[in-house]
Amino acid sequence: PIYSCPADRLFGVFCEIFLCERSCTMRIIIAMMKHETNTFSPVPTNLERFARGQAIPYQGVAAYDAYQGTGSGISAFIDLAESEKAEIILPIAANAWPSGPVHDDAYEYICDSICQAVEKGCDAILLDLHGAMVTQSLEDGEGELLRRIRAITPDVPIGVALDMHTNLYPEIVDNVTVLAGYQTYPHIDMYETAQRAGQPIFAMLRGEVQPTMAWGNRPMLPHVMRQGSGDSPNRELQARCREIEQQGALAVTVFTGFPHADIQNAGLSCVVVTDNDPALAKQLRDELLDFAWCEREAFVYHIEPLADSLAKAQNFDEGPVILLDHYDNAASGGTMDTMTVLKSILDAEFEDVAAFAIFDPEAVQQMIVAGVGQTVTLPLGGKMDMPAIGLKGEPLEVTGQVKLISNGQYRNLGPMQKGVLMDMGPTVVLDTGKVEIVLISRHQEPNDLACFLSLGIDPLRKKYLMLKSRIHYRAGFQDIAKEIIECAGVGVCTSDYGLLDFKKVRRPIYPLDLINNYDLV
């Protein structure tokens, strides 16, 4: 424009800047809804579980402050949006430890928060989801959320970051623009995964790419204990995913699936996102799925009797030796209050042990009342029955000294969820003289050294560390462990599929059924 005088020019430039910012600033909705549902778990999943110590799940500024600058997926979305100088709308960041089916009212609260934001308009939507959410009424919680969003805004680009344990349904794929899932287990690439989901969305908004997706699955239920991305064959699968991305694909994911969800589509699947090349997406999808199917036997976990595991553990002179109570972990929906492994450790008179953790709010309160330094005898754990596997809770009477009382809060050191606030609720350390037992009031997976360090326990100085974990312990503890002993106790995270009454999962499916040709399924 040409202006007649300096004043007119100044006013005109102001108008240009003002109108440009008004018209060009992107409005990006970012939200989190994460829950891995163990349909065999008796642990209830209400809205309070998503709030994790708050009155309600984080929303708006509180959500931004909780996750910005951390190693989370939602932090990556925030960083991408801010790099584009976009307006960020963050209606809710709801995340709960795995447990039983999500209560319908909690699900509706979270979905409504997101959908109401979408109704106000936006240029793109970035969602940090899990992919294995089952509610009291729905097998596919994420698919229904995305269906509702698409009903409001049919054309707005949607980028979604998912967990490796996604049980993929067509409603998820059909209603998004780009999907990307974790390529590591333990999940130390949450931030990077959200970048892989979000970057193509912004490139699309700039007119640089046109994402196309192909997806599929195979009738197989890999055991969780054989899904570690450091172990073959998942190691090779995830390496190939990264290689394909380096060769130009926008996002490539093999989802190993979450087998403790008795739903139709539980199991292994794959999504490939290319730039306007659907034929290539299908070709690469089939390559990855065929490799996984050919290696299906390697995804079967073979269980060692507990007595044999503990006998082997006693042969080591140098620690830390990790005793992995892998049937009862928070990150797969366990009660975290089964006492079989801890009882065996106490009975065998193991010494210099730190155990993380027993979920028992009632016992914690009793020890808080007793006070630090007091000796107490009380039943620990075993408060929850597990009807899905036909077991009643069995408390264990333990005598020890109350060594420490804590509010249970700490921030992860990393590499998993670095900087994210963890909240175990009121927490106590009970010292039996040989075993220091951590008792917690909210579920917490031991995936970070800070879970011990925050309680004055140095895991490097312990001979044994009993951890209620399956694979996530590797993020914080694998590098310090001299030996790792997998201890099969009891719990709804069992690797014995014979204990789980599958009624809804598609059949035949390997290894529940010994099938050799997936084309016939």
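Overall, the chain carries a charge dipole of about 320 debye about its Cα centre when +1 sits on the Cβ of Lys and Arg and -1 on the Cβ of Asp and Glu, all other atoms neutral.
Let me know the longest stretch in the chain that avoids all chymotrypsin sites (Phe, Trp or Tyr not before Pro) found in a DSSP loop with at most 15 other C-beta atoms within 10 Å.
On the way: sites that count: Y3, F316.
Value returned for the longest uninterrupted segment is 4-315.
Highest-first packing order for the peptide set 360-367, 373-380 is 360-367, 373-380, based on the mean count of other beta carbon atoms within 10 Å. For segment 171-240, the spread of Cα positions along the three principal axes, ordered from largest to smallest, is 42, 26, 19 Å.
If you restrict to DSSP beta bridges whose two residues both lie in the chain, what percentage is antiparallel, to the nearest 5?
Details: 32 of 75 bridges.
Rounded to the nearest five, the antiparallel share is 45 percent.
Ignoring any ligand, DNA or RNA, what whole percent of the accessible area of segment 331-415 comes from carbon and sulfur when the probe is 1.4 angstrom?
Working: 1900 of 3830 Å².
The nonpolar share, carbon plus sulfur, comes to 50 percent.
Note on the chain: dipole from Cβ charges, positive end direction compared against I405, T45, Q59; the farthest Cα belongs to Q59. Pairs exceeding a 21 Å alpha-carbon distance, out of K418/K463; K343/K418; K343/K392; K468/K504: K418/K463; K343/K418; K468/K504. In the chain, the longest principal axis of the Cα atoms and the axis of helix 6-24 are about 50 degrees apart.
The peptide list 503-510, 419-426, 194-201, put in order of mean Cβ contacts within 10 Å with the highest first, becomes 194-201, 419-426, 503-510.
When the accessible area of segment 116-236 is computed with all protein chains present and a 1.4 Å probe, what percentage of it is carbon and sulfur?
Numbers: 1630 of 3680 Å².
Ligands and nucleic acids excluded, carbon and sulfur reach 44 percent.
For segment 398-438 versus segment 266-319, the inter-centroid distance based on Cα atoms is 32 Å. Between segment 183-226 and segment 477-499, the alpha-carbon centres lie 28 Å apart.
Solvent-accessible area assigned to carbon and sulfur over segment 476-515 amounts to 44 percent, based on a 1.4 Å probe. Around the Cα centre of segment 274-344, unit charges on the Cβ atoms of Lys, Arg, Asp and Glu (plus for the first two, minus for the last two) sum to a dipole of about 220 debye. Between A450 and I152, the modelled label-to-label distance comes to 3.2 nm, taking each label 7 Å out from Cα in the direction of the beta carbon. For segment 201-322, the per residue solvent-accessible surface stands at 39 Å², with DNA, RNA and ligands left out and a 1.4 Å probe. Taking 17 Å as the straight-line reach from the Cα of K503, the aspartates and glutamates in range (excluding those fewer than 8 positions away in the same chain) are E139, D140, D262, D513.
Helix 278-294 and the longest principal axis of the C-alpha atoms of the chain enclose an angle of approximately 10°.
The values are calculated or read from the model by the stated rules, or taken from the named source; none is laboratory data. Note that the structure is a prediction, hence the values are computed from the model and not measured. Cβ sites come from the backbone with ideal geometry, for glycine too, and all protein chains shown count toward neighbours. Quick note on the areas: whole protein, heavy atoms, side chains included, nothing else; ligands and nucleic acids left out. Shrake-Rupley method; radii C 1.70, N 1.55, O 1.52, S 1.80 Å.
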